Amino acid sequence: MLVFRQLFDPASSTYTYLLAGRSGAAVIIDPVFEQVRRDAALIEELGLRLTYSLETHVHADHVTGAWMLKQRTGCRIALSATSGAEGADRLLVPDDTVAFGERNLQVRATPGHTGSCLTYVLDDRSMAFTGDCLLVRGSGRTDFQQGDPGAMYRSVREQIFSLPEACLLYPAHDYRGLTVTSVGEERRFNPRLGGEIGEGDFTGYMKNLRLAHPKKMDVAVPANLKCGRPETDPDIAADPSWAPLKYSFAGIWEIDPHGLEEHAEGVQILDVREPSEFDGPLGHIHNARLIPLGELAERAGELAHDRPIVAVCRAGSRSAQATVILREIGYSDVANLAGGMLRWRAEGHIVEGGSA
Ligand SMILES: N[C@@H](CCC(=O)N[C@@H](CS)C(=O)NCC(=O)O)C(=O)O
Ligand SMILES: [Fe+2]
């Protein structure tokens, strides 16, 4: 049993991987700072416990989410002992085992893109996470952070191509949207490293890549050398504080019925059902204002800007879309009543109108 998710950060084209075994113990590989809220929501929705946040290397193009995930989930941070980073809970060396429940990842040193790049190999050798060493039909660049084409050639040939042919390889980046490859495929078809290509050929190729440095390099490297801890401690990514809200993996801020009842005084309750439903058997919440979803874009001006809005519908889906519309229009403190009127009633909260 393996939970496996490949997550993408479009701004940096970074892949983040979430793995968990039967016990629910999970690891995340290469989380991105700006995506921590999303990743934490997924971990919670899947009922997982994050054991480790792992880095394949000290990234130059984005800031890691490791420190922030540690604040939120209590996970441990691990990366290469040779990275020079501070703030890690465990420093990894080759042949180390990173356990999560009954599963584990084996650590291999694959320098070349940076001096301290690691590849993580799943216990049954069915998958490996190659960071920016081997990319799909490519490789990471070798022109900064102790980059070394000769070292990369040897890393790929000795540490990655030595895995079983069917082993799936997952990179830290892809700039064309390619998601996965395999050892057998790359041995045959990698244009830089496959077939009969020799170390000299590879070095020649890499010396002529002519890439501009990553735009965020000057910010990313120092931040990543502290495992992504910001200069000034943020209040957990400035989550809204007007009520206990939960961010869903679907990207919606939600409030549960109990939270709404506690904060009902200070908020505007917006019911986006049809009038017949508002006055129908499910009833409605006291003080709710009715604007059917189809009229919301036009009539949003009827809502005040100085009080948060909680959108409500029958089951919570139309109201989720209402929150999206309201945000687009410029209302920032908006949440969805999770589960809608059905859950509100099921949890015993009072309704006006409706049948018992
Ligand atoms: N334009 C990107 C450059 C990203 C970049 O240089 N990525 C590194 C990995 S950190 C790489 O090896 N790229 C290989 C390539 O672009 O072919 C940025 O500004 O972030
Ligand atoms: Fe990189």
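The values are calculated or read from the model by the stated rules, or taken from the named source; none is laboratory data. Values in this document were obtained by computation on a predicted structure and should not be read as measured data. We place every Cβ from the backbone using ideal geometry, glycine too, and count neighbours over all the protein chains shown.
I'm trying to understand the selection: among the residues of the range 55-92, which are more than 16 Å from ligand 2 (Cβ to nearest atom), closer than 20 Å to Val219 by Cα and of a type in the set (Asp, Glu)?
Answer for the range 55-92, where residues must be more than 16 Å from ligand 2 (Cβ to nearest atom), closer than 20 Å to Val219 by Cα and of a type in the set (Asp, Glu): just Glu86.
Any idea how many residues of the range 71-92 are surrounded by fewer than 21 Cβ atoms within 10 Å (Cβ to Cβ) and without any contact (Cβ under 8 Å) to a residue 40 or more places away in the chain?
The qualifying residues number 8.
Consider Asp95 against the criteria (1) surrounded by 19 or more Cβ atoms within 10 Å (Cβ to Cβ); (2) without any contact (Cβ under 8 Å) to a residue 60 or more places away in the chain; (3) over 18 Å from the mean Cα position of the chain (by Cα): it satisfies all of them except one. Which criterion is unmet?
All conditions pass for Asp95, except number (1).
Has the range 141-151 got at least one residue that is in contact with a strand residue (DSSP E or B) (Cβ under 6 Å, 6 or more places away or on another chain), surrounded by 14 or more Cβ atoms within 10 Å (Cβ to Cβ), at pLDDT 95 or above and of a type outside the set (Val, Ile, Thr)?
No, that holds for no residue.
Suppose we keep only residues that are within 20 Å of Arg76 (Cα to Cα) and away from ligand 2 (no atom under 16 Å from the Cβ) within the range 196-230. Which one would you say is surrounded by the fewest Cβ atoms within 10 Å (Cβ to Cβ)?
Filtering the range 196-230 for residues that are within 20 Å of Arg76 (Cα to Cα) and away from ligand 2 (no atom under 16 Å from the Cβ), the one surrounded by the fewest Cβ atoms within 10 Å (Cβ to Cβ) comes out as Pro230.
Answer with yes or no whether Asp96 is at pLDDT 95 or above, more than 16 Å from ligand 2 (Cβ to nearest atom), of a type in the set (Asp, Glu) and touching a strand residue (DSSP E or B) at 6+ places or on another chain (Cβ under 8 Å).
It is true that Asp96 is at pLDDT 95 or above, more than 16 Å from ligand 2 (Cβ to nearest atom), of a type in the set (Asp, Glu) and touching a strand residue (DSSP E or B) at 6+ places or on another chain (Cβ under 8 Å).
Residue-wise test of (1) part of a loop (DSSP other than H, G, I, E, B); (2) on the phi < 0 side of the Ramachandran plot.
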| residue | (1), (2) |
| --- | --- |
| Thr114 | yes, yes |
| Tyr120 | no, yes |
| Thr142 | yes, yes |
| Gln146 | yes, no |
| Leu163 | yes, yes |
| Tyr170 | no, yes |
| Gly177 | yes, no |
| Glu186 | no, yes |
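Suppose the filter is farther than 14 Å from Met341 by Cα and surrounded by 17 or more Cβ atoms within 10 Å (Cβ to Cβ); does Ala304 pass it?
No; evaluated as a whole, the condition is false for this residue.
Yes/no matrix, rows are residues, columns are (1) away from ligand 1 (no atom under 16 Å from the Cβ); (2) charged (D, E, K, R); (3) assigned to a loop (DSSP other than H, G, I, E, B); (4) within 14 Å of Ile28 (Cβ to Cβ):
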site	(1), (2), (3), (4)
Thr56	no, no, yes, yes
Asp61	no, yes, yes, no
Leu69	yes, no, no, yes
Leu79	no, no, no, yes
Ala88	yes, no, yes, no
Leu91	yes, no, no, no
Pro94	yes, no, yes, no
Val98	yes, no, no, yes
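Looking at (1) surrounded by 24 or more Cβ atoms within 10 Å (Cβ to Cβ); (2) more than 14 Å from ligand 1 (Cβ to nearest atom), which is the one condition that is false for Thr110?
All conditions are met except number (2).
Looking at (1) surrounded by 21 or more Cβ atoms within 10 Å (Cβ to Cβ); (2) more than 30 Å from Asp9 (Cα to Cα), which is the one condition that is false for Ile252?
(2)
What residue, of Arg108, Arg125, is assigned to a loop (DSSP other than H, G, I, E, B) and of a type in the set (D, E, K, R)?
Answer to the selection: Arg125.
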